[in-house]
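**Q** Please read through the structure below; I'll follow up with questions.
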Amino acid sequence: MSDNETDDALRSRFTDWLREYYPEKWRDPLSLRLRGPAEKTWLALLFEHGWRAPGWPREHGGLGYSLQQQLIYHDVLAQHGTARFIDFGGTLLGPTLIRFGTPAQKARHLPPILRGEALWCQGYSEPNAGSDLASLSLQAIPTRDAEGDGFILNGSKIWTTQADSADWIFLLARTAKTERPQDGISFFLADMKTPGITVRPIVNLEGEDEFSQVFFDNVRIPADALVHEVNKGWTVARSLLGVERIVNGNPHLSKKALVVLDTLARATGQQNVPAFRLARAQLACELHNAQALYAQICDAAIRGDAAPEQFSMMKVVSSELFQRVADALIQFGQGHAGQKDAMPYDGSTIDLHQIYMLSRPATIYSGSSEVQRNIIARSVLG
Ligand SMILES: Cc1cc2nc3c(=O)[nH]c(=O)nc-3n(C[C@H](O)[C@H](O)[C@H](O)COP(=O)(O)OP(=O)(O)OC[C@H]3O[C@@H](n4cnc5c(N)ncnc54)[C@H](O)[C@@H]3O)c2cc1C
């Protein structure tokens with residue numbers, strides 16, 4: 001890529017590349033999520049062809065794209081119908097280590113993330129700490145033994161997406177009991193193969209074991225597993241959550257679901273039914289608004305002007321719209337939505353049930369809608 005490549009040129013260069021290299025069997029915008037070895041293969045392919053880590057600075061091996069270029073990058077992926085993949089290493093941990101990691105931590109962890117060799121999972125939530133994350137209790141106690149300085153972890157994390165296939169976990173642990181609970185939290189990295197870590201998959205309503213509870217029984221991690229300073233993990237966690245809400249505030253799932261709604265209407269001859277046209281037009285307007293809001297807030301972020309409550313607003317708007325489009329799929333699904341397996345529709349298949357189930361947790365993960373509304377209300381109403 002040349003430094004002065006236009007946005008249109010970037011769009012067509014990436015589109016052409018996907019047409020040539022993206023495996024056809026993975027073309028499924030909503031139902032399919034690449035996991036484990038399949039996700040590693042896809043990330044490695046991106047890396048090999050110079051398309052990995054659009055937002056990372058070039059000196060750390062990324063593409064150094066502006067926010068505008070990153071939006072184009074993700075839009076092209078959506079337009080091509082690429083499968084979902086959860087790249088915690090590339091989207092969340094990488095930018096965090098670039099900001100807070102030591103040179104040794106960056107040198108050790110960034111290259112395997114880029115090459116697709118190391119998959120990461122996020123260990124924040126605990127059985128008694130979700131929305132109120134600061135009340136977390138997994139303990140990290142400093143230790144000094146024959147192996148040197150380190151920490152011993154005890155406790156558990158829950159709802160840990162892809163813990164069963166991740167090589168590493170980044171996690172928050174309590175290192176001190178302080179008056180303000182946030183002041184006694186530290187941010188660590190742990191190899192999932194460390195003795196004492198046990199992963200117990202949890203099957204969701206859809207029947208998928210996409211998340212797990214992760215148990216830590218006297219897990220010894222080295223001193224250099226600590227990111228930033230002891231008891232300063234809340235600063236690292238907040239920075240990472242900000243990035244997470246930008247990622248999850250993108251209305252791309254609603255956009256993909258609306259494409260599915262159109263396919264469904266064509267296949268069942270409902271395009272001209274007044275009730276369908278009204279619902280479809282309303283959702284299209286809402287998507288237009290959500291995309292405009294996303295662009296506006298991203299623009300403010302580029303200028304360094306975006307306030308945290310704006311990211312919360314974006315997250316609420318996108319996740320709730322996705323649920324409304326999924327509701328419309330059920331409404332116009334002509335009874336098929338009650339069945340679990342993909343229904344054949346005019347040469348393609350649509351799993352309405354799965355899309356609906358995918359939409360339900362969108363208002364919970366990455367901060368529930370209620371909690372986001374609290375953040376917005378506090379900032380607006382004081
Ligand atoms: C699909 C999925 C994937 C996830 N993946 C991960 C992951 O990889 N790693 C990870 O660490 N976590 C993950 N989570 C956990 C997620 O972050 C939590 O579920 C979320 O933070 C909510 O916490 P909780 O489940 O403990 O619910 P609670 O915090 O107990 O909330 C229960 C209900 O009470 C409401 N509520 C809570 N506090 C308030 C308040 N102050 N005001 C008003 N209402 C309130 C909430 O909105 C919610 O409706 C995942 C969750 C889901 C659904």
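The values are calculated or read from the model by the stated rules, or taken from the named source; none is laboratory data. Model, not experiment: these values are computed from the prediction. Cβ placement follows ideal geometry from the backbone for every residue including glycine, while neighbour counts extend to all protein chains displayed. Heavy atoms of the whole protein, side chains included, go into the accessibility calculation; ligands, DNA and RNA do not. Shrake-Rupley method; radii C 1.70, N 1.55, O 1.52, S 1.80 Å.
**Q** What are the pairs, 6+ residues apart or on separate chains, where a residue within segment 71-89 that is touching a residue at least 60 places away in the same chain (Cβ under 8 Å) has its Cβ under 8 Å from a residue that is within 16 Å of the ligand (Cβ to nearest atom) and β-branched (Val, Ile, Thr)?
**A** Pairs that qualify, where the first residue is touching a residue at least 60 places away in the same chain (Cβ under 8 Å) and the partner is within 16 Å of the ligand (Cβ to nearest atom) and β-branched (Val, Ile, Thr), are ILE86/THR161; PHE88/THR161.
**Q** For segment 27-49, enumerate the residues that are part of a helix (DSSP H, G or I) and of a type in the set (Asp, Glu).
**A** Of all residues in segment 27-49, those part of a helix (DSSP H, G or I) come to 36-48.
GLU39, GLU48 - these are the residues of segment 27-49 that are part of a helix (DSSP H, G or I) and of a type in the set (Asp, Glu).
**Q** Additional query: Does segment 201-210 contain at least one residue that is buried (at least 20 other Cβ atoms within 10 Å of the Cβ) and either free of Cβ contacts under 8 Å to residues at least 60 places away in the same chain or not in a loop (DSSP other than H, G, I, E, B) (or both)?
**A** Scanning segment 201-210, I find no residue that is buried (at least 20 other Cβ atoms within 10 Å of the Cβ) and either free of Cβ contacts under 8 Å to residues at least 60 places away in the same chain or not in a loop (DSSP other than H, G, I, E, B) (or both), so the answer is no.
**Q** I'd like the full set of residues that are out of contact with any helix residue (DSSP H, G or I) (no Cβ under 8 Å at 6 or more places or on another chain), open to solvent by less than 50 Å² (accessible area, probe 1.4 Å) and in the same structural domain as ALA292 (by TED's automatic domain parsing), limited to segment 234-268.
**A** If the condition is that a residue be out of contact with any helix residue (DSSP H, G or I) (no Cβ under 8 Å at 6 or more places or on another chain), open to solvent by less than 50 Å² (accessible area, probe 1.4 Å) and in the same structural domain as ALA292 (by TED's automatic domain parsing), then THR263, ALA267, THR268 are the ones that fit.
**Q** Something else: Which one of these is modelled with pLDDT of 85 or more, open to solvent by less than 30 Å² (accessible area, probe 1.4 Å) and under 24 Å from the mean Cα position of the chain (by Cα): GLN296, GLN291, GLN323?
**A** One residue alone meets the criteria, GLN323.
**Q** Can you spot a residue in segment 5-26 that is touching a residue at least 40 places away in the same chain (Cβ under 8 Å), among the charged types (D, E, K, R) and assigned to a loop (DSSP other than H, G, I, E, B)?
**A** No; the residues of segment 5-26 include none that is touching a residue at least 40 places away in the same chain (Cβ under 8 Å), among the charged types (D, E, K, R) and assigned to a loop (DSSP other than H, G, I, E, B).
**Q** Here is a further query. Restricting to segment 153-206, name every residue that is among the aliphatic types (A, V, I, L, M) and over 17 Å from ILE141 (Cα atoms).
**A** ILE158, ALA163, ALA166, ILE169, MET192, VAL199, ILE202, VAL203, LEU205
**Q** Any idea which residue in segment 141-158 is nearest to the ligand (Cβ to nearest atom), counting only those that are touching a residue at least 60 places away in the same chain (Cβ under 8 Å) and surrounded by 22 or more Cβ atoms within 10 Å (Cβ to Cβ)?
**A** Among them, the one singled out is LEU153.
**Q** Then there is this: Quick check on segment 59-69. Is at least one of its residues exposed (fewer than 15 other Cβ atoms within 10 Å of the Cβ), modelled with pLDDT of 95 or more and not assigned by TED's automatic domain parsing to the domain that holds LEU358?
**A** There is at least one residue in segment 59-69 that is exposed (fewer than 15 other Cβ atoms within 10 Å of the Cβ), modelled with pLDDT of 95 or more and not assigned by TED's automatic domain parsing to the domain that holds LEU358.
**Q** Just checking, does segment 211-230 include any residue being among the acidic types (Asp, Glu), exposed (fewer than 15 other Cβ atoms within 10 Å of the Cβ) and part of a strand (DSSP E or B)?
**A** Within segment 211-230 (the criterion being among the acidic types (Asp, Glu), exposed (fewer than 15 other Cβ atoms within 10 Å of the Cβ) and part of a strand (DSSP E or B)), the answer is yes, since at least one residue qualifies.
**Q** Have a look at ILE375, ILE355 and point out the one that is β-branched (Val, Ile, Thr) and more than 26 Å from ARG33 (Cα to Cα).
**A** ILE375
**Q** Of the numbered conditions (1) part of a loop (DSSP other than H, G, I, E, B); (2) within 16 Å of the ligand (Cβ to nearest atom), LEU92 satisfies every one except a single condition; which is it?
**A** Answer for LEU92: the failing condition is (1).
**Q** Can you run down the residue pairs with Cβ atoms below 9 Å, 6 or more apart or on separate chains, where the first is in segment 298-327 and outside any helix (DSSP H, G or I) and the partner is of a type in the set (Asp, Glu) and modelled with pLDDT of 95 or more?
**A** Within 9 Å, no pair qualifies.
**Q** Which count do you get for residues in segment 326-372 that are surrounded by 14 or more Cβ atoms within 10 Å (Cβ to Cβ), of a type in the set (D, E, K, R) and within 16 Å of the ligand (Cβ to nearest atom)?
**A** Adding up the residues that qualify gives 1.
**Q** Further, regarding this structure: Quick check on my filter: what residues within segment 159-185 are farther than 16 Å from ALA237 by Cα and buried (at least 20 other Cβ atoms within 10 Å of the Cβ)?
**A** Within segment 159-185, TRP159, GLN162, ALA163, ALA166, TRP168 qualify.
**Q** Closer than 26 Å to THR161 by Cα, of a type in the set (Ser, Thr, Tyr) and modelled with pLDDT of 95 or more, is that true of SER239?
**A** For SER239, the condition - closer than 26 Å to THR161 by Cα, of a type in the set (Ser, Thr, Tyr) and modelled with pLDDT of 95 or more - is not met.
**Q** Here's a follow-up. Search segment 134-192 for residues being assigned to a loop (DSSP other than H, G, I, E, B) and acidic (Asp, Glu), and hand back the single one that is nearest to ILE364 (Cα to Cα).
**A** Across segment 134-192, the extreme among qualifying residues is ASP164.
**Q** Any idea how many residues of segment 107-133 are within 21 Å of the chain's Cα centre (by Cα), on the phi < 0 side of the Ramachandran plot and outside any strand (DSSP E or B)?
**A** 17
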